[in-house]
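Quick notes on the structure that follows.
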Amino acid sequence: MQSSWKAVLEVTKTAWTQNEPPLVFGTDVITCIHEQGIGLPSVELAQVLMHCLSTGAPNGASIATMWTYIQHAMSCYMVSALHMLALLTSRILPSRQQQPEMYKMYLDLTSTYAFSLSTTKSMACRDRVVKAVDEALQLSKNPDAPMTEVGVVIVHFLFALVARLAEAVYEDWISNKGSIHGQMMALGGHDEKLDMGLEQLKKNNSLAAVHLMAKIMENKRTAGLLRIARRNLQDQWTLFVQRLQLLESLTNDSSSMAPKEAMEALGQLAKAIQQGLRQEWRPHQMPVIRSLLPSASRSWTFGNAGGLGCSSPWLPFDIYMEAAMEGRRLSTSSNADVLADVMKAMQSVHSANWVDLFLGLWTAALRLVKRNRDSIEGPHPHVESRMCMLLSITPIAIGIVIDEEERGQLHPENISGELQPSAPATNVVGGRRAALETCLQVLGQFEALLVPPPVAVAAANQVAAKVAAFISTGGQNMSADISSSGKSAVGTMRHLIVESCIARGLLPNSAYFWLGTGGSLANIPASPSQPSPWSAFMDGAPLTTSLRAALMISPAGSVAELEKIYKTAMVGPEEERPAAASILCGASLIRSWTVQEHAVHFAVQLLSPPVSDNNWGGNSNGLLAHAPMLYAALQGMNNADAMNVLSLFGMFPEIAASLLPICEVFGSITNAKPVATSMGEELSAHMLFTMAFLQLVKLWKFHRPPLEHCLLGSGAGLGADLSLEYLLQLRNMQLTSPSKQRMQLSGSSYPTSPSGVVTLDSFPRLRVWYMQHQACISSTISGLVRSNPMHQVGDRLLAMMFKKVNKTSSAPTTGLSGNANGPSEDAAGRPILCAWDVIQAVPIVLEYALTACSHSTLSPRELTTGLRELVDYLPGTIATVVSYCLAEVTRGLWKYASMNGQDWPSPAANLLTIQGEVKDILAASGVHTSNPPGAGGGNAPVSLPLPLAALIGLTITFKLDKTGDTVLSIAGPGLETCSSAGPWFSMQVVAALWAQKVKRWHEYIVFMGAIHIFKQNKSALLQLLKNMFAVTLSTSTSPGAKLQVNGGVGALLGHGQWCAYAPGILYLRSYSTLHDIMFLSCETLVLVAEAARELGSKGDIGTTDLTGHGSRLRCVQASLSTSMSRVVQASSLGASLLYVSGGTTLVTKLFTESIPTWFLSGSGSKGIQSPGGLVVEGYAIAHFALLSGALAWGVSGSSGTNLQPENSGVPLLMQRHRVLGSHMEFLASGLGGDLTMSCEQTLWRSYVVGFLALMVTCTPTWILELKTETLRKLATGLRFWHEHDLAVALLERGGPSAMGAAAELTLS
């Protein structure tokens, strides 16, 4: 000790010995300190006082006198109260049993000065105080936050105080080892009265400690500090709560030392904890924010079965599911993972209970199945795809969120806001599982939605019969023979849903009891169950023709059945392997709803059979032995529903990686002789290559025009990353995805996908073609080197294509090198070539053929015949034909061909009719367009670019058989895209010609012509968007809209027979064809703002609604709630459209460009007079922005879809951190005056307060990602607006780094 402080110590001891009054003591000490040139308050003085207290009183002195000196020093700010209490806590609490009198004095002193800790902030020696408190209580052992800020130390001290008090009380009550009575007995004697008095004092001290904890919880400031500790010191808080629970249990233990008043004291403490935690900022403090969220007195309603009405917030479910059925976008991950993230986002943003959310999800999926799509999906409606979404994707997604809860993978905000000592701090395990069961019981009320489509009637009836058998045996016999039970039952969609959930372990078998057997829906035929052919197969029956036919149309019902059929396909008898592959890729792939994820995985694994080496060239490759099985599997997958199902499960990247070796091997083998025989059919290498290659290009979405790259810019993908490398990159990144890990944990014994990285460099022939393909798109063929060896192949192909022409006229091959009549030909006179040579030569062939036609050397009919001959020779060439024509039409260098009915087919017979029907469809959705100059129709001939005319002429020559469907599945989308590069009426010409060919497709063809308008007419698209908001909010004045009177999702997407031309359906079928959709960010923001402004202007809402202090709110609360429920509908629609249209790319643009521009330019408030409209508009934009971000980025620290195609491989969390941080900097700059907002201040304030309030309430994990300095700026601005509680709540959720700022603001 320094000499100066020795003098102070002597002065203190002298005053203590002489029993001087505290005032005299204080004067003497201050005089001594000033003589030494030392300032106050002093850290050393506190240590001197603690030293005196610890060494005991000298002769003639009282220990109580020293306590009065300590109290005087604290009251006069001679020492820091924080430091003094920290020293006392570290010394007194451990010795409380031996010194109960000092413990009592400590409790009295603490109850006075524990509420004066804020004075430490202004002390000159605060840094030394922080260090001294840290040393006294050993706070630095906690790594959560460095002890360098006053606020952090105060939070840690206060929490350490209550935690140590709770620990002390527990130790005092649990036994009597430290009692005075026990000590005196050990010494051989005691004073009875003294013993009883000290025991009573100890009991009183323990009660006083409990009362002190309650007092700290009741105080607004100290309760706020403990809330900060609860959020940032979760492990320690959990231990504290557990200690309180143990205290409560001791009150019921007769062997404990708990006093009789303990129960009452703990009850007061529990009440104080609840009140203290309720004092934090909550949404109900702002009526507008409260109206955006459900409350205990108002639950979201669901309207009717059709989704009519504006009160349901679950519109994003309907839009997402409908968009997933579109099938034109590359699906890079399982829709179950995406849907799980959407569920978590919706639950957080709407603060909804899980029963309501699950009910909204199931009703949306049921509406998806019920919508009539005959006119918009052509002759093969994708019913199985929609059933897959309902019965496979949705249960799997629900299983993901249930599994997260039961594994404890919840985001940090899942801490009860009303902790009680008798309740744990986390959600009750199984809460979401119980909510699912409750939801499915309620779902039975939606009878109109539960009528199964024809494809599901038999399956529903079979489940109903199973339920009947289960109930009849009292649940004792799950393996009852249903087929022989003689029961007929009527099943509903709820039977299928519950069965799917039970199969995946989401519900117990007891759910069959409350499910019942149905039977109340008269329009569903009841039928007795038939014996399953799978039973015979599992018993070892061979795959005869009849059994194979039965298994093809009967889906497997268990993983064991799938495993056996898979093993048969892979290693079974050679004659059964193709049949087994066909069975696995038949009904089992598209309708095995209870085990569909396994069926999908098995089917994809068929394409990767084990081979001895990876040398993909030559005729000795191991894949040749699997040729029949591979062909059967590819054929099974070659239909629209199978491809859609595979897409829904996000299997395209994996399939692409599996198809590469098949294309490489069989594309390198000539067609000289068959490579295998399958079920009596000879298989050539060309056949296998065609199936694999066309599947590959379909997955790749190759037909999308390269123009999109230029319009969107680098990294803006939006699903248009048109490169095979990108697809392989996705596959390689998905090797460790959550869905892959779940499949590995499923317990199946089948082999997993190859774990190695797949690149194009491993497949030289495919890579050569791919590079040539890109070169042909980027430059004309005339720029190619003349000596290219492929010219030799081109000669032979041209000779084959136009051999009839060569006999009667000059050949179009003049100028080609080599001999056109090579000796290598098959019996039909076709050249013997490998597929890769043919594919690589096709652009050269097309260049010369079209050139000959343009110079009248070749007639259009001969050109069409030659192209058809080429495609018949190798159907895989249709992909190159489409890409070539698309590139050439885009370049616009070819002359136009007159569609006059002589040289080229004429659309004149029905073109005007098609155009009129297109206008009718658009008018029904509130879109009115006029034909630009140059429109053709009637008898007036129209002209199209020659490559487009050639492609049209080629496609209409195909019959609608299996081969034709394979070719048209490639040519159809390509023809649509190619038409968009031609004149505006090109698609209508295509529609007219195809309507003449296939009359039963008339409605579908007209519908495709209608949605094509939006690709070329931006004004029409804007009209459609505006009308989507109008019909959803039931504000449309468009005539003929039969569902607009009620609004809601039923009006937006249609219901029943009113589906095809609903505005939402038109948009969701057209947005994927747009070249440029970046403008949607700004346009959607405008529509949300205008809708909210209109709704707010109609209501009686004023600026006082912003803070909740208006006295008239009680009179208008109902009006406010009604208006805001429709605002939620508008913002939910906007966020959903933004999310499905452009994902993270459009959401990023919304935060970084659209919203800042909106406020900086004043676009949102020019000429606005209604303050209510401005208030609601600001909050609507806030809700719209938050929901958009939640859907795109997720609300937690992890996501099932960590990578999205739109962000070019950038992790979602990293992107969220960057974009959200930038937006928060913008808000902070606006609040701090660094940026001047041109809009009305009311609009700006309502947006900022609304967005921050919603983020605090709904997405607190986002706040953890923000910079502490940004949070400080935001909090300072909010305090300037008198939003002190919101500022504190924002900092409270900022993590350990923001603890100091939050504490200082709480104490201010």
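Just so you know, all these numbers are worked out from the coordinates, no wet-lab data involved. For clarity, every value in this text was computed on a predicted model and none was experimentally measured. All Cβ positions, even for glycine, are placed from backbone atoms using ideal geometry, and neighbour counts span all protein chains on display.
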- List, in order, the whole-Hz ³J(HN,Hα) value for each residue of segment 72-89 obtained from phi through the Karplus relation with A = 6.51, B = -1.76, C = 1.60 and θ = phi - 60°; use x for Gly and Pro. 5, 4, 6, 5, 9, 6, 6, 10, 6, 4, 4, 5, 5, 5, 5, 5, 5, 4
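Where nothing but the Cβ of Lys and Arg (+1) and of Asp and Glu (-1) is charged, how large is the charge dipole of segment 332-405 around its Cα centre, in debye to the nearest 20?
Working: 6 positive and 9 negative charges, 78 e Å.
Roughly 380 debye, rounded to the nearest 20.
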- Message: Of 352, 395, 368, which is farthest towards the positive pole of segment 349-404's charge dipole, taken about the Cα centre with +1 and -1 on the beta-carbons of Lys, Arg and Asp, Glu respectively?
- Response: 368
- Could you state the principal axis extents of the C-alpha atoms in segment 1-83, from the largest down, to the nearest angstrom? 32, 26, 22
- Taking the simple approach of a point 7 Å from Cα along Cα-to-Cβ for both residue 827 and residue 891, what is their distance in nm? 4.2
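Residue 834: net charge of surrounding residues, Cβ under 12 Å, Lys/Arg +1, Asp/Glu -1, itself excluded?
Result for the local shell: -1.
For residue 41, what is the net charge nearby, where nearby means another residue's Cβ is under 12 Å from its Cβ and Lys, Arg count +1, Asp, Glu -1?
Details: positive: 126, 128; negative: 44.
Once all neighbours under 12 Å are counted, the net charge is +1.
Given the Cα-Cα distance of residue 35 and residue 1000 and 0.36 nm per residue of separation, how much length would full extension add, in nm? Kindly include the intermediate steps, with their values, before the conclusion.
Working: separation 965, 0.36 × 965 = 347.40 nm, distance 10.73 nm.
Residue separation times 0.36 nm, minus the Cα-Cα distance, leaves 336.7 nm.
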- In nm, what is the difference between 0.36 nm times the number of residues separating residue 274 and residue 574 and their Cα-Cα distance? 100.8 nm
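Filter the trypsin sites (Lys or Arg not before Pro) in segment 856-899 down to the DSSP loop ones having no more than 14 other Cβ atoms within 10 Å, then list what survives. Spell out each step's value before the answer.
Details: sites: 861, 868, 891, 895; in loops: 895.
Sites meeting the loop and neighbour criteria: 895.
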- Relative contact order, percent, segment 1-150 [alpha-carbon distance under 8 Å, six or more residues apart]: 22
- Residue-count net charge about residue 990 - beta-carbon cut-off 15 Å; Lys, Arg +1, Asp, Glu -1: 0
- Task: Name the long-range amide H neighbours of residue 943: under 5 Å, sequence gap of 5 or more, or other chain; modelled H, no Pro or chain starts.
- Result: 899
- Note on the structure: With x for Gly and Pro, the residue-by-residue ³J(HN,Hα) of segment 845-861, computed from phi through the Karplus equation 6.51 cos²θ - 1.76 cosθ + 1.60 at θ = phi - 60° and given in whole Hz, is 4, 5, 4, 6, 5, 5, 5, 5, 5, 5, 9, 6, 6, 10, 7, x, 5
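Compute the relative contact order of segment 896-1017 as a whole-number percentage, counting only Cα pairs closer than 8 Å that sit 6 or more residues apart in sequence.
Working: 115 pairs, mean separation 40.9, N = 122.
Relative contact order, segment 896-1017: 33 percent.
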- Item | residue 803/residue 962 FRET efficiency (R0 45 Å; Cβ-Cβ; nearest 0.05) | 0.95
- Message: Skipping prolines and chain starts, which residues have an amide H placed within reach, meaning under 5 Å, of the one on residue 825, given they are 5 or more residues away or on another chain?
- Response: 832
- Message: Using a 7 Å offset from the Cα along the Cα-to-Cβ direction at both residue 900 and residue 473, what is the distance between the two label points in nm, to one decimal?
- Response: 7.8
- Item | Spin-label model distance (nm) - residue 677 vs residue 930, 7 Å beyond Cα toward Cβ | 7.0
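Restricting things to Cα coordinates, could you compute the convex hull volume per residue of segment 66-119 in Å³?
Taking only Cα atoms, segment 66-119 has a hull volume of 66 Å³ per residue.
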- On each of the three principal axes of the Cα atoms of segment 825-966, give max minus min coordinate, whole Å, ordered largest first. 57, 36, 26
